[in-house]
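Below is one structure, written out as structure tokens, with a few remarks after it.
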Amino acid sequence: MKNLNKKLLAVLLSASIIVTGVVGSSTTADAKKKSAKSTKSNNIVVVLDAGHDSAHFGCHTDRFIEETANLYIAYYCKQELEKYNDVTVYMTRYGFECPYGLEENNKADCLSNRVDFAKSVKADVLVSLHNDYDPDLDVTQNGSKIIVPNQNYKPDISNKGIALGQSILTQLTTTGLNINDWKLCPNGTGIVTRDSSSSTYPDGSAKDYYALINKSKTAGFTCVIVEHGFCTNESDLTNHLSTPEQYQELGIADATGIANYYGLKLK
Ligand SMILES: [Zn+2]
């Protein structure tokens, strides 16, 4: 299976080079055009966050490297989303490394920087792309769930996350993935929140547990965390998390869910 990972990395690297080349060739005029587009009132700015990086690992098994899978899905999601009008798409990272050059022990700073980046480009939404594992290695845990902001402090941001999350989850189920009934917060819907047990928002209510979500809420926009499937589940891994084509299917599902939520029209 190491060969498979090498093959995946090689394909991704070439995709990365192509995309980096395109991004790298952007001129000031392009940047101005982009900025003019962003100021149009009906233009949506979506920031896709490929979870983790080569300094801040996600789930690893002998058949799966989460940070690589997430990067694939982000590229494919961006490619699909850019088929629509009135949307500008950014990614928090385009390569394997930490985009901020941070070491393994600076995970919190890396997450803060990702939110700061989204804020700097005036994100309407930050969509963080992940894959799951069961911490108890329960191989029956499977399917997708989306972690959305809780109702505290800024309920509008939560409501937007719930609606967007539902739109994405609907598309993910069309790929054959089940809805995961998260054991930390079982409610059967696949749309879940998780509260911090120790930190609070300025109004005294419980913060969202995940830094990306609570920092985005504080900054004034919605962040959702999409957990596509479980690398610890044989069916999810084999049928959804093993090939570039499968990652493309997930990226397209995410993009379609985002486009449907915003009512975007194909070009
Ligand atoms: Zn992850």
* For residue 243 and residue 159, compute 0.36 nm times the residue count separating them, minus their Cα-Cα distance, and round to one decimal in nm. => 26.8 nm
* Asked: Considering amide H positions built from the backbone, and no H for Pro or chain starts, which residues 5 or more places from residue 131, or on another chain, come under 5 Å of its amide H?
  -> 228
* Asked: Of 200, 242, 226, which is farthest on the positive side of the dipole of the range 180-249, counting Cα position, with +1 on Lys and Arg Cβ, -1 on Asp and Glu Cβ, and the Cα centre as origin?
  -> 200
* Rounded to the nearest Å, what's the spacing between the alpha carbon centres of the range 241-264 and the range 78-135? Just the number, please. => 16
* Over all alpha-carbon pairs in the range 163-225, figure out the percentage whose distance exceeds 13 Å. => 68
* Rounded to whole Hz, the Karplus (6.51, -1.76, 1.60) HN-Hα couplings of the range 51-60, x for glycine and proline -> x, 6, 6, 6, 9, 10, 5, x, 6, 10
* **Cα-centred dipole magnitude for the range 125-197, charges only on beta-carbon of K, R (+1) and D, E (-1), debye, nearest 20** => 280
* For every other residue with a beta carbon closer than 12 angstrom to the beta carbon of residue 112, add +1 if it is Lys or Arg and -1 if Asp or Glu, then tell me the sum. => +2
* Structure fact -> When 49, 203 are ranked with the fewest other C-beta atoms within 10 Å first, the list becomes 203, 49
* Structure fact -> Of all trypsin sites (Lys or Arg not before Pro) in the range 38-102, the ones in DSSP coil with at most 15 other Cβ atoms within 10 Å are 40, 63, 83
* Can you tell me the relative contact order of the range 102-184? Whole percent, Cα pairs under 8 Å, sequence separation 6 or more. => 26
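Taken together, the values in this text are just the output of simple stated rules run on the coordinates, not laboratory data. Just so you know, these numbers come straight off a predicted model, no measurement behind them. For neighbour counting, all protein chains shown are included, and Cβ atoms are generated from backbone atoms with ideal geometry for every residue, glycine included.
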